[in-house]
Amino acid sequence: MVAVKETVEQVKELDVDQYKYGFSTDLEVDKAPKGLSEDIVRFISAKKGEPEWMLEWRLDAYRRWLTMTEPNWARVHYPKIDFNDSYYYAAPKKNAAPKTLDEVDPAILDAYKKLGIPLREQEILAGVQTSKVAVDAVFDSVSVVTTFKEELKKAGVIFCSISEAIKEHPELVRKYLGSVVPVTDNYYATLNCAVFTDGSFVYIPEGVRCPMELSTYFRINEKNTGQFERTLIIAEKGSYVSYLEGCTAPQRDENQLHAAVVELVTMDDAEIKYSTVQNWYPGDADGKGGIYNFVTKRGDCRGANSKISWTQVETGSAITWKYPSCILRGDNSRGEFYSIAVSNGMQQVDSGTKMIHLGKNTTSRIISKGISAGRSQNTYRGQVSAHRKASNARNFTNCDSLLIGEQCGAHTVPYLESKNASAVFEHEATTSKISEEQMFYCRQRGLSAEEATALIVNGFVKDVLQQLPMEFAVEAQKLISISLEGSVG
Amino acid sequence: MLEIRNLHVAIEDGSKKILNGLDLTIHNGEVAAIMGPNGSGKSTLSYVIAGKPDYEILDGEILLDGENLLEMEADARAAAGVFLAFQYPLEIPGVATMTFLKAAMNAQSRARGEGELKTPDFMRRVKLGAEKLGIPQEMLRRGLNVGFSGGEKKRMEILQMALLEPSIGILDETDSGLDIDALKIVSEGVNALRSADRSFLVITHYQRLLNYIVPDTVHVMSKGRIVKTGGKELALELEANGYADYVSDVAA
């Protein structure tokens, strides 16, 4: 198997430290003063040159946030976060507002190149990638460049940073921002509303099938800086878009906060396929450093026959707290959640989904594969509910956990709630270990311990990997194996 | 040539000794059968040769063409030419049989410093081997051994042996759970692999298998040792008289 071979070779090339995106880039940065206050919120809004309504929206969120308390129901443990001990805005200085790639600091382009993300369109076209992917590159608090904008514009697709959208398409942003995840949804989402810095905006007009994959690549570079990404995707009637986000960060000893909000809206017969490959720095083997990934992602199937599909491969972060969800409002709408969550070392994952069935004949499907190794804890938490009017709602949930080694844990916490007698929910769950017998069998055939583990794990996650766009499936497979490096002895 | 000298083995936690000074030599091209009652240590012997980690080697050595197998990990032994056809082949869900076969073949050729197989060559060899064993192509696309019948699993073991071309093939009760038709197919598969530079160790309870895979030597095992060695006629004698003579000899 080619991918397995590549995986193994890649694993071999790695140093003792497994995280290969841990480099940092030296740049002059423009930072907000440390800490969080109304002034900081004003500072961010001013830096972005935002209109008054946006500032008011942020300030309102900030004031509400002050009255809220941090949720503690997830199965994760961490010291109390001092929100005043962090920077909320950091932007590369030379990159005030680049019009073209030539104006972008070469150091940043280099950083993305190292990450394997080509930003020059001619390189993408000449490169090895089989299909074109448009990229929005977000570096700390700002979007540095968005590729293929012109070509997308011809198709009527808007793909730009959220900062640009606030200025260029205020009518769309005002209509949809906060309409899926309300300002006061939860502690981290509210914080995000106050201090979000950048992220992507996508608008697909009626009847348009987006001509290429869209993706955003988030990079945290600065020390002591939180990243608050905000993404909004709107698919009008009968449209389709496939979108992918990737994330990495340098290796740092202190924890950094990433609190994102992603909102998706689909109108009648529209479809959004949203894929994530999350590889934030996970901390070292003893749990020092790493990103706190506290994320609110939600899609609203507002129109009839619409569909939202979440696929996530979560390998990074010290703590992951994330439940990409679907509100199935339109009749016959469909929500899907496919997840691979890998935890190793001291990582903690509490992730899953919510499928809220409101409309008639709505269907949802949840396939979750959790892999725990090292001393990590991996929890699937999922809610499926059917509203009184959700006649014939259907859900199928399959939730499998694989344990590698003796010191890790896997937990499954499903919440099911049906207020309609015709709703049918199915839930399957398994927990298994890579058995000594399986390992011996593979090794008797000539596979090394790493190869055998990679093969067994790839088999375990196959159903979910198949949901990813092709180019990313291979990457994700490699990433999973790298994340598990050192988990077999 | 496989040489086992004075092999003493206990279960890893030291609770039970299973092999007690076992000696056995199998020459190139030889088919050796090991027979013996339940609990005599036959399967343990096959696992210890192949390098299963659950055992503690107290004394002795196992040499394959002069190389000390006991110093190697299981995958290195496989690359050196040891193949074990499991009594209970393991299931690997989600890993297509074809994928597994290719990963194993490439791993071994890499370990031997040889180049990897080209995909068309690989496909041709698998197709040919599968046809001989009556394995439908569809099975090769399914997860390895997942949902296979007992007979299908055993045929898959023989296919793997044919593709991996070991210098010694160990068959651990390959006949168990096979009906007569499957037994014939499997035996023909093994016989086709017999050659002057490949030897076999056939572990079985029953003489029946040896009608199809005719051994050069037959060894009787009891309480972790070889207690009697003879030609193929010894199997017939055992079939007629049982193990009682040999088992009590050792006990006395």
Picked from the stretch B:100-110 (must be in contact (Cβ under 8 Å) with a residue 40 or more places away in the chain and not small (Gly, Ala, Ser)), the residue surrounded by the fewest Cβ atoms within 10 Å (Cβ to Cβ) is B:105
Within the stretch A:264-308, residues farther than 18 Å from residue A:358 by Cβ, among the small types (Gly, Ala, Ser) and modelled with pLDDT of 90 or more come out as A:275
Across the stretch B:190-214, the tally of residues that are over 14 Å from residue B:238 (Cα atoms) and surrounded by fewer than 23 Cβ atoms within 10 Å (Cβ to Cβ) stands at 12
So for the stretch A:383-399 (the condition being modelled with pLDDT of 90 or more and within 14 Å of another protein chain (Cβ to nearest Cβ)), does at least one residue qualify? yes
For the stretch B:124-136, does any single residue satisfy the condition of being assigned to a helix (DSSP H, G or I), touching a residue at least 40 places away in the same chain (Cβ under 8 Å) and crowded, with 19+ Cβ neighbours inside 10 Å?
no
The lone condition residue A:344 fails out of (1) closer than 27 Å to residue A:305 by Cα; (2) touching a helix residue (DSSP H, G or I) at 6+ places or on another chain (Cβ under 7 Å) is (1)
Among A:364, A:351, A:391, the single one that is under 22 Å from residue A:73 (Cβ atoms) and among the hydroxyl-bearing types (Ser, Thr, Tyr) is A:351
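With respect to residue A:415, is the statement that it is surrounded by 20 or more Cβ atoms within 10 Å (Cβ to Cβ), aromatic (Phe, Trp, Tyr) and modelled with pLDDT of 90 or more true?
So residue A:415 fails the test.
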Of A:57, A:53, the only residue that is modelled with pLDDT of 90 or more and surrounded by fewer than 15 Cβ atoms within 10 Å (Cβ to Cβ) is A:53
Checked B:66, B:41, B:81 against criteria (of a type in the set (Gly, Ala, Ser) and in contact with a Gly (Cβ under 6 Å, 6 or more places away or on another chain)); the one match is B:41
The one condition residue B:24 fails out of (1) within 13 Å of chain A (Cβ to nearest Cβ); (2) of a type in the set (A, V, I, L, M); (3) surrounded by fewer than 23 Cβ atoms within 10 Å (Cβ to Cβ) is (1)
Checked the stretch A:28-84 for anything within 16 Å of residue A:177 (Cβ to Cβ), part of a loop (DSSP other than H, G, I, E, B) and of a type in the set (A, V, I, L, M, F, W, C); matches are none
Picking from B:84, B:117, B:69, the residue that is in contact with a Lys or Arg (Cβ under 8 Å, 6 or more places away or on another chain) and at pLDDT 95 or above would be B:69
Take residue B:125 and decide whether it is among the basic types (Lys, Arg) and away from every other protein chain (no Cβ under 13 Å). yes
If I filter the stretch B:90-103 for residues that are at pLDDT below 95, within 8 Å of another protein chain (Cβ to nearest Cβ), touching an Asp or Glu at 6+ places or on another chain (Cβ under 6 Å) and farther than 28 Å from residue B:175 by Cβ, do I get at least one hit?
no
Scanning the stretch B:70-85 residue by residue, those of a type in the set (A, V, I, L, M), more than 8 Å from every other protein chain (Cβ to nearest Cβ) and surrounded by fewer than 24 Cβ atoms within 10 Å (Cβ to Cβ) turn out to be B:70, B:72, B:76, B:80
Taking first residues from the stretch A:210-239 that are at positive phi and surrounded by fewer than 24 Cβ atoms within 10 Å (Cβ to Cβ) and second residues anywhere that are hydrophobic (A, V, I, L, M, F, W, C) and assigned to a loop (DSSP other than H, G, I, E, B), the pairs with Cβ under 9 Å that are 6 or more apart or on different chains are A:238/A:208; A:238/A:267; A:238/A:270
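If the requirement is being surrounded by 18 or more Cβ atoms within 10 Å (Cβ to Cβ), within 30 Å of residue A:146 (Cβ to Cβ), away from chain B (no Cβ under 14 Å) and modelled with pLDDT under 65, which of these qualifies: A:98, A:118?
Answer to the check: A:118.
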Just one listed residue, out of B:32, B:79, B:96, is of a type outside the set (D, E, K, R) and free of Cβ contacts under 8 Å to residues at least 40 places away in the same chain, and it is B:79
Selection from the stretch A:460-476 of residues at the interface with another protein chain (Cβ under 7 Å from one of its Cβ atoms) and buried (at least 21 other Cβ atoms within 10 Å of the Cβ) yields A:460
Of the residues in the stretch B:195-218, those that are closer than 23 Å to residue B:164 by Cα and of a type in the set (S, T, N, Q) number 3
Reported set for the stretch A:432-459 where residues are more than 7 Å from chain B (Cβ to nearest Cβ) and basic (Lys, Arg) is A:433
Filtering the stretch B:39-69 down to residues that are free of Cβ contacts under 8 Å to residues at least 24 places away in the same chain and either facing another protein chain (nearest Cβ under 10 Å) or closer than 30 Å to residue B:150 by Cβ (or both) yields B:39, B:52, B:69
With the structure loaded, tell me whether residue A:460 is modelled with pLDDT under 85, within 23 Å of residue A:482 (Cα to Cα) and assigned to a helix (DSSP H, G or I) or whether it fails that test. no
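The values are calculated or read from the model by the stated rules, or taken from the named source; none is laboratory data. Owing to the predicted nature of the structure, the values given are computational and were not obtained by experimental measurement. Glycine also receives a Cβ, built like all others from the backbone with ideal geometry; neighbour counts cover every protein chain displayed.
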